[in-house]
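Quick notes on the structure that follows.
Read-outs throughout are calculated quantities, based only on the coordinates presented, and are distinct from any laboratory measurement. Keep in mind it's a predicted model, so treat the numbers as computed, not measured. Note that we place each Cβ from the backbone using ideal geometry, even for glycine, and neighbour counts take in every protein chain shown.
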Amino acid sequence: MAEFHDLAELALNRDNQSWGNLGYWKKDTEYSGACRALALLLGEDARLDEQSVVFDAGFGCGDQLSLWLTHFRVVQVRGVNLSRSQTAHARDRLAEAGFPAAAAAIVQGDINDGQAWHATLGTDRPSHVLALDCAYHFPSRLEFIALSHQHLAPAGRIALTDFMLADQHRTGSITHQLLRWMLRRSHIAEANIVHRTRYLNQLRAAGFEEARIIDISQHVMPGFAHFVRTFQGKARAGWKARLKYAVTGRFLQCAYRRSILRYCLISATKKD
């Protein structure tokens, strides 16, 4: 059975790169660099350092796992990812880079399944839970936040990049019907896309404090839309992937210009 989350993004990358996020296009003009920039932004906002133990929710094809280990020099990474093909690719990437199982342990599974967390963490408690450009795809972001709080060490941090409704967007509007249609096509639960105030309240209700949301839409949504519109390597991607990226790019451009969605950097600390 074909997976919605597969290896299609490999065609967008430079050789030996396998990033799969929307990218941070403030300075970069090509896909792999923009994706790495978004991961760096998340790691910096999470305050990763040489004492950090990271649980990566939805690690994709694994390039970010190597980034946590090499750039931020974290102690360990653990992770769960839904895609079988991506998880296998990530394992191969980690092995090729020479990382032992003690430094990087990842499993394939549903991030909303507590057993998947236990399979990779055991009784350990990470200092950080990260979700790079994927939480909106989880079956329930609320459940993910609750599991993050449950498994984090005291004073641990959650950090993610995620979509939310623009403050001025009204759920009863015609544009909201367009949004609902696009969410269904993109395998995104409508309950995951909420306004900023509700997002903050969900974090606080789950037991997090010092919650912060930074809008980085201007450096993400138009940049990705421009990239897919002008990408010169379209022949490397299959027609389904080309259609997926074209539709996504056009929608993101529309959602940004018409203030439907915002793309944000979110972080919070677990209460003691």
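A few points about this structure:
- Extension reserve of the R258-H195 stretch, reckoned as 0.36 nm per residue once the Cα distance is removed: 21.1 nm
- Computed over the chain: relative contact order in percent, which uses C-alpha pairs under 8 Å that are six or more apart: 20 percent
- Between A119, A34, A97, the Gaussian network model of the chain with springs among Cα atoms under 10 angstrom shows the greatest mean-square fluctuation at A97.
- The local environment of G20, defined by Cβ-Cβ distances under 10 Å, has a net charge of -4 under the rule Lys, Arg +1 and Asp, Glu -1.
- The distance linking the stretch 167-228 with the stretch 50-118 is 26 Å (Cα centroid to Cα centroid, whole angstrom).
- HN-Hα J in Hz across the stretch 166-183 - Karplus 6.51, -1.76, 1.60, θ = phi - 60°, x for Gly and Pro: 4, 4, 7, 6, 10, 5, x, 7, 5, 4, 5, 5, 4, 4, 4, 4, 5, 4
- In terms of other Cβ atoms within 10 Å, S217, S140 run from fewest to most in the order S140, S217.
- Take the Cα of S186, go 7 Å toward its beta carbon, and the backbone nitrogen atoms of the stretch 44-71 under 18 Å from that spot belong to 58-60.
- Beta bridges per DSSP with both ends in the chain, % antiparallel, nearest 5: 45 percent
- Nonlocal amide H pairs with A104, under 5 Å, H built at 1.01 Å: V77
- Convex hull volume per residue, computed on the Cα atoms of the chain, equals 120 Å³.
- Ordered by the count of other Cβ atoms within 10 Å of each Cβ, fewest first, W68, W181 give W181, W68.
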